[in-house]
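**Student:** Take a look at the following structure, please.
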Amino acid sequence: MTRLAALLGVLLLACLGAAPGALADTVSNGVTYTVVPDVRSGVSPQGPGEWTVNYEKLAGGDPVVADAINRILDDEADGQVWLFAASASKSSPWTFKTQGRLQFRPLTISELWRGQYHAVELPNMPVDTVATRVFDARSGIQIVWSNLFVDEQAGLTRLGALTKEILPATYPTPPLGGWGEYYAGWAPVERNFRFWIPTDAGIEIYFPEGQFGREVRSITIPWPAVSDLIAPEFVPITS
C-alpha cells in the first residue's frame, strides 16, 4: 500500500507539473497569447495549380505586439502563394501545400513553415519547402541579421565558416558530388542564411532543397559561437 501511495503521489506530481508547462508554451516576454489558425488557399489563374498555406497567428496578449507580428505573418503567407503561383509550371498540374507553426521562447516568437511543391508531370518532384520569420516579443519587430548582429557582414562570415564545419558533421553522407560541389551554399551572403529560428541551443538554420542537394537540411549554430557578435539589445534572447 505504501508503494502504491508513493507511485500515485509521483503520478499526481507529474500531472500537476505538466499543466504550467502546457500553458507556458504560448508565453513570451511574460505575456500569454492564444494561437489561432489562418489559411490562404486558391487556384492559379495562370495554370493548372492549387495552393494551401496553413499557418498560425496570435490573439490576445499584447495587442500591439500581436498586430505587428500578425501583419508580417500574413505578408509571408501571401508571399509564399505568389512565389509559387508565379513560378510554377503552366503545363503540369501542381500543388503547393505548407504548414506554419508558431514557436515561443522567453523573449522571441517565431514561425516555421514546412511544405511541399509538386508538379506531377515534371522530373525531380516533389520539392520540399521551408520558410521562417522571427520576432522580438518585447516589441513585435522582426529580428533579422542586420539587427541581430552588431556587424551584419561579420555575422554572415561567422555563419558561413561555422556552416562549412557543422553541416558535413551533421550529415555524414554528402550530397551527390560531395560537399565541395556546394561551396557557394555557405558563402557569407544573406540569401544563404535567410531561414532560421532561435532555439535554446542556438541559431537553427534551414537550407532549402537545392542549396545542399535534394533535401531541406538544418544545423544549429551554438549561441557561444556567435555571442561576441550579438547586438547588446538581443543578448537576452540567447539564454
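**Student:** Keeping to segment 63-102, report how many residues are in a strand (DSSP E or B) and among the aromatic types (F, W, Y).
**Tutor:** 2
**Student:** Given the condition part of a loop (DSSP other than H, G, I, E, B) and crowded, with 20+ Cβ neighbours inside 10 Å, answer yes or no: does some residue in segment 116-137 qualify?
**Tutor:** So the first thing to find is which residues in segment 116-137 are part of a loop (DSSP other than H, G, I, E, B), and the list is 120-126, 137.
Among the residues that remain, those that are also crowded, with 20+ Cβ neighbours inside 10 Å are: 137.
Yes.
**Student:** Scanning for something within 24 Å of F84 (Cβ to Cβ), buried (at least 16 other Cβ atoms within 10 Å of the Cβ), in contact with an Asp or Glu (Cβ under 7 Å, 6 or more places away or on another chain) and not assigned by the TED database to the domain that holds T108, does segment 186-198 turn up at least one residue?
**Tutor:** yes
**Student:** Which number in (1) more than 26 Å from K57 (Cβ to Cβ); (2) touching a residue at least 40 places away in the same chain (Cβ under 8 Å); (3) not acidic (D, E) marks the one condition that G177 misses?
**Tutor:** Going through (1) more than 26 Å from K57 (Cβ to Cβ); (2) touching a residue at least 40 places away in the same chain (Cβ under 8 Å); (3) not acidic (D, E) one by one, G177 breaks only (2).
**Student:** Give me a count of the residues in segment 42-71 that are of a type in the set (S, T, N, Q) and either at pLDDT 95 or above or not assigned by the TED database to the domain that holds D136 (or both). Before you say what the answer is, go through the steps one by one.
**Tutor:** So in segment 42-71, the residues of a type in the set (S, T, N, Q) come out as 44, 46, 52, 54, 70.
From what is left, the residues that are either at pLDDT 95 or above or not assigned by the TED database to the domain that holds D136 (or both) are 52, 54, 70.
Residues flagged as of a type in the set (S, T, N, Q) and either at pLDDT 95 or above or not assigned by the TED database to the domain that holds D136 (or both) within segment 42-71 amount to 3.
The values are calculated or read from the model by the stated rules, or taken from the named source; none is laboratory data. These numbers come from a predicted model, not from an experiment. We place every Cβ from the backbone using ideal geometry, glycine too, and count neighbours over all the protein chains shown.
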